[in-house]
Amino acid sequence: MNVLSCSINTLKGLYDISGVEVGQHFYWKIGSFQVHGQVLITSWAVIAILLGSATIAVRNPQTVPTGGQNFFEYVLEFIRDVSKTQIGEEYGPWVPFIGTMFLFIFVSNWSGALLPWKIIQLPHGELAAPTNDINTTVALALLTSVAYFYAGLSKKGLAYFGKYIQPTPILLPINILEDFTKPLSLSFRLFGNILADELVVVVLVSLVPLVVPIPVMFLGLFTSGIQALIFATLAAAYIGESMEGHH
Amino acid sequence: MANMIMASSKTLIPSSSYSSPFLPQKPRLQLPQISLPKFPKTQLKSLTNSTSLKSMTAIIAASLAAAPPSLAEVIEKAALFDFDLTLPIMMAEFLFLMFALDKVYYTPLGNFMDQRDAAIKEKLGSVKDTSAEVKQLEEQAAAVMRAARAEISAALNKMKKETTMEVEQKLAEERKKLEAELQEALASLEKQKEETIKSLDSQIAALSDEIVKKVLPI
């Protein structure tokens, strides 16, 4: 009996430290609807970080850039480069969409890994990266779908739907299916990667609290950046694909 | 999908509770909500065959059986794929962020960078133009220098010729003058010589007379 209670206590202790709270949400009620409070709080923080740093850095641009302005110019050139590679010469109007997609996901992912959210205790659930929640990733993926439909329709009008029977009408079902798989794969890839990354870190910390999780944390940072880049690049690629002319 | 996970865990709990009637109910134990399904079930079956590992089985069983009814409720709400109003709110937040960042970041900084690029290109172009101009000017300067050098050397030659001619003329004049003087001097010398000889002749006669007088004391 002693052994039993001992081991159970150890298990409980480990569990309390690790605090795996997957699928736990801090519910707020708006009217008759529920929202995930922790996601909204962290997303507000991310938006505040982005807008604040951008405003401070770009407030008074100098001809010879230094410090923050230099960094933000580099980021903007990077975003323009990604957009231009994927969309082509008419990338201009899509820079805000692609750029915000990249920056929001990137800062969200890194905030989950770098900001000490756990200091703030919630009554239920816990603060983590906003991209940790399926609602966020699906929202972003659906916006991407809307964006590429808008891009195609505004460029070619109804002729856009001609791409469904390209190159042969036999592919019509597959082409229609693609419109569903694109947002699905986008959202689940991001959601799964970020959730898995946080879980791996939490589980490793619960097993070995020192040193060992650090490489995994760095791997997590790397993965987070890559995921943001993949999401933005794919969104740009879809937009470019629906805008390119087929003959 | 969450419901599937939950369903499997629900069937698991009663199936495992048969082996632990002798254990006291433990105080509430928080379990990892997602790690419940699948794993214990298979292990349970393989382990119950051997009596030596019964205590081990008992621990697992107890930990599962001890799950209080309230935990089931929590599990019921543990929804990984829980869509609600958060989704449209996130969409709105994203769109807001997109327009706000466009206002404070993409458009101003993008315009600024484009203007700077244009200015630099313009400056580079103008620099190229002046380089051509500079080349032309350099050529002009070289031509002017060449012309000036030619002029100077011509003038120098001319002056040299003139001076040499002048000098030669003067030299010839001087020579003539000197020759004339020499001639004159020679002539006067000749004359003096003759005069001297003449005077000497007369003196010779007087001297010989005197010598004769002295030698011949008559």
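The one condition from (1) in a helix (DSSP H, G or I); (2) more than 60 Å from the chain's Cα centre (by Cα) that B:Pro217 does not meet is (1). Exactly one residue out of A:Glu90, A:Glu73 is more than 14 Å from the chain's Cα centre (by Cα), in a helix (DSSP H, G or I), among the acidic types (Asp, Glu) and within 9 Å of another protein chain (Cβ to nearest Cβ): that is A:Glu73. Residues in the stretch A:41-57 that are touching a residue at least 60 places away in the same chain (Cβ under 8 Å) and not small (Gly, Ala, Ser): A:Ile41, A:Thr42, A:Val46, A:Ile49. Checking the structure you have, find out if any residue of the stretch A:145-154 is in contact with a Phe, Trp or Tyr (Cβ under 9 Å, 6 or more places away or on another chain) and within 14 Å of chain B (Cβ to nearest Cβ). Yes, the stretch A:145-154 contains at least one residue that is in contact with a Phe, Trp or Tyr (Cβ under 9 Å, 6 or more places away or on another chain) and within 14 Å of chain B (Cβ to nearest Cβ).
With respect to the stated conditions, A:Ser83 is part of a helix (DSSP H, G or I), over 24 Å from A:Pro116 (Cβ atoms), more than 9 Å from chain B (Cβ to nearest Cβ) and of a type outside the set (Val, Ile, Thr). Condition check for A:Ala57 on (1) under 16 Å from B:Pro108 (Cα atoms); (2) at the interface with chain B (Cβ under 8 Å from one of its Cβ atoms); (3) hydrophobic (A, V, I, L, M, F, W, C): one failure, at (2). In this structure, is A:Ala113 closer than 25 Å to B:Ala79 by Cβ and out of contact with any strand residue (DSSP E or B) (no Cβ under 8 Å at 6 or more places or on another chain)? Answer is yes for this residue. The residue that is farthest from the other protein chains (Cβ to nearest Cβ), counting only those in the stretch B:97-112 that are closer than 13 Å to A:Pro93 by Cβ and among the hydroxyl-bearing types (Ser, Thr, Tyr), is B:Thr107. Does A:Ala196 count as among the small types (Gly, Ala, Ser), within 13 Å of another protein chain (Cβ to nearest Cβ) and out of contact with any helix residue (DSSP H, G or I) (no Cβ under 6 Å at 6 or more places or on another chain)? It is true that A:Ala196 is among the small types (Gly, Ala, Ser), within 13 Å of another protein chain (Cβ to nearest Cβ) and out of contact with any helix residue (DSSP H, G or I) (no Cβ under 6 Å at 6 or more places or on another chain). Residue check: is A:Gln38 surrounded by 13 or more Cβ atoms within 10 Å (Cβ to Cβ) and outside any helix (DSSP H, G or I)? No.
Is it true that some residue in the stretch A:24-33 is in a helix (DSSP H, G or I), closer than 21 Å to B:Met90 by Cα, in contact with a His (Cβ under 9 Å, 6 or more places away or on another chain) and within 7 Å of chain B (Cβ to nearest Cβ)? No, because not a single residue in the stretch A:24-33 is in a helix (DSSP H, G or I), closer than 21 Å to B:Met90 by Cα, in contact with a His (Cβ under 9 Å, 6 or more places away or on another chain) and within 7 Å of chain B (Cβ to nearest Cβ). In the set (1) free of Cβ contacts under 8 Å to residues at least 12 places away in the same chain; (2) over 22 Å from A:Glu241 (Cβ atoms); (3) in a helix (DSSP H, G or I), the condition left unmet by A:Phe78 is number (2). When only residues in the stretch B:81-132 that are among the acidic types (Asp, Glu) and more than 30 Å from A:Phe26 (Cβ to Cβ) count, which is nearest to the chain's Cα centre (by Cα)? My answer is B:Asp117. Considering A:Thr131, A:Thr168, A:Thr181, the condition of being within 14 Å of chain B (Cβ to nearest Cβ) and of a type in the set (Ser, Thr, Tyr) is satisfied by A:Thr131 alone.
We did not get these values from a lab; they are worked out from the coordinates using the rules stated. What you see is a predicted model; the values in this text were computed from it and never measured. Note: ideal-geometry Cβ built from the backbone for every residue, glycine included; neighbour counts use all protein chains shown.
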